[in-house]
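Below is one structure; the comments refer to it alone.
The values are calculated or read from the model by the stated rules, or taken from the named source; none is laboratory data. Treat the numbers as computed from the prediction; the structure is a model and nothing was measured. Virtual Cβ from ideal backbone geometry, glycine too; neighbours counted across all protein chains shown.
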Amino acid sequence: MISTLCVFCGSSMGRQPLYASQAVMLAEYLLTKNIALVYGGANVGLMRVLADTMLAGGGKVVGVMPKSLVEREVAHDGLTEMHIVAGMQERKAMMADLSDAFIALPGAYGTLDEIFEILTWNQLGIIKKPIGLLNVDSFFDPLLRMLDHAVKEKFLRPEHRELLLDGVNIVHLLRDLEQYKPVIAEKWIERLKVGEI
């Protein structure tokens with residue numbers, strides 16, 4: 001059962017109003033399930049929309065932000081809890097510790113970095129927590145194709161490709177996260193002997 005969900009998403013609003021409306025819908029669904037939100041702690045972009053919707057509905061919102069970003073005045077000052085950490089690696093580790101599962105909404109470098117950090121930790125067995133993409137208006141389709149290409153070219157095991165769930169429906173994606181079973185597979189696709197390269 002998921003009681004705390006970490007959401008990765010953009011510090012910008014994006015080009016389409018649909019991105020913000022999906023952030024609102026996600027927050028509203030979390031409120032109906034009494035699921036607490038963990039996120040990056042910012043007061044800008046989709047991050048703000050998500051947090052404000054949760055707070056307006058009486059939900060619990062936990063932010064985690066590096067001190068350097070707080071000093072640039074992007075921190076949300078109305079959260080249930082705010083953890084100030086030294087840097088980005090500590091931020092991601094704390095967000096992972098505080099959360100049962102992860103969802104990514106559209107975003108850019110920071111969002112992608114967070115997605116792949118969690119995937120790598122799952123692949124290596126450091127954590128065993130599900131992660132899914134809310135694929136708003138096919139935003140993540142190019143990324144999913146890239147991962148499928150990595151499987152085809154034998155850089156990524158099919159079992160590890162399955163670590164990343166995706167969906168366009170919030171209810172179905174949360175259900176898939178709750179039903180997730182950790183993948184057990186060796187990381188390496190092959191082990192070459194000396195002289196085989």
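Checked against (1) in contact with a His (Cβ under 8 Å, 6 or more places away or on another chain); (2) part of a strand (DSSP E or B); (3) surrounded by 21 or more Cβ atoms within 10 Å (Cβ to Cβ), ALA51 passes all but a single condition, namely (2).
Okay, residues lined up against (1) without any contact (Cβ under 8 Å) to a residue 40 or more places away in the chain; (2) in contact with a Cys (Cβ under 9 Å, 6 or more places away or on another chain); (3) surrounded by fewer than 20 Cβ atoms within 10 Å (Cβ to Cβ):
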residue	(1), (2), (3)
LYS92	yes, no, no
PRO106	no, yes, no
TYR109	yes, no, yes
LEU112	yes, no, yes
ILE115	no, no, no
THR120	yes, no, yes
PRO130	no, no, no
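Of all residues in the stretch 80-113, exactly one satisfies the criterion of being in a loop (DSSP other than H, G, I, E, B), closer than 15 Å to LEU5 by Cα and of a type in the set (A, V, I, L, M, F, W, C), namely LEU105. From the set of residues in the stretch 8-32 that are aliphatic (A, V, I, L, M) and more than 15 Å from GLY57 (Cβ to Cβ), which is surrounded by the fewest Cβ atoms within 10 Å (Cβ to Cβ)? Here the answer is LEU18.
Got a number for residues in the stretch 138-164 being hydrophobic (A, V, I, L, M, F, W, C) and not in a helix (DSSP H, G or I)? Even if it seems obvious, please write down each step before you answer.
At the first step, the residues of the stretch 138-164 found to be hydrophobic (A, V, I, L, M, F, W, C) are 139-140, 143-144, 146-147, 150-151, 155-156, 163-164.
Restricting the remaining residues to those that are not in a helix (DSSP H, G or I) gives 139-140, 155-156, 163-164.
Adding up the residues that qualify gives 6.
Of all residues in the stretch 91-126, which are of a type in the set (D, E, K, R) and over 12 Å from the mean Cα position of the chain (by Cα)?
So in the stretch 91-126, the residues of a type in the set (D, E, K, R) come out as 91-92, 97, 100, 113-114, 117.
Those that are of a type in the set (D, E, K, R) and over 12 Å from the mean Cα position of the chain (by Cα): ARG91, ASP97.
Taking the conditions exactly as written (modelled with pLDDT of 95 or more, farther than 16 Å from PHE102 by Cα, of a type in the set (A, V, I, L, M, F, W, C) and buried (at least 16 other Cβ atoms within 10 Å of the Cβ)), does VAL38 satisfy them or not? If you could, list the steps in order and put the result at the bottom.
Details: modelled with pLDDT of 95 or more: yes; farther than 16 Å from PHE102 by Cα: no; of a type in the set (A, V, I, L, M, F, W, C): yes; buried (at least 16 other Cβ atoms within 10 Å of the Cβ): yes.
No: the conditions fail for VAL38.
Determine if the stretch 60-69 includes at least one residue that is among the small types (Gly, Ala, Ser), in a helix (DSSP H, G or I) and modelled with pLDDT under 95. Yes, the stretch 60-69 contains a residue that is among the small types (Gly, Ala, Ser), in a helix (DSSP H, G or I) and modelled with pLDDT under 95. In the stretch 153-174, of all residues being farther than 21 Å from PHE139 by Cα and among the basic types (Lys, Arg), the one that is surrounded by the fewest Cβ atoms within 10 Å (Cβ to Cβ) corresponds to LYS154.
Could you please give the count of residues in the stretch 136-152 that are buried (at least 18 other Cβ atoms within 10 Å of the Cβ) and more than 12 Å from LEU164 (Cα to Cα)? Looking only at that region, the number is 2. Collect the residues in the stretch 2-45 that are outside any helix (DSSP H, G or I), more than 21 Å from GLU81 (Cβ to Cβ) and in contact (Cβ under 8 Å) with a residue 60 or more places away in the chain, keeping them in residue-number order. GLY10, SER12, GLY14, GLN16, listed by residue number.
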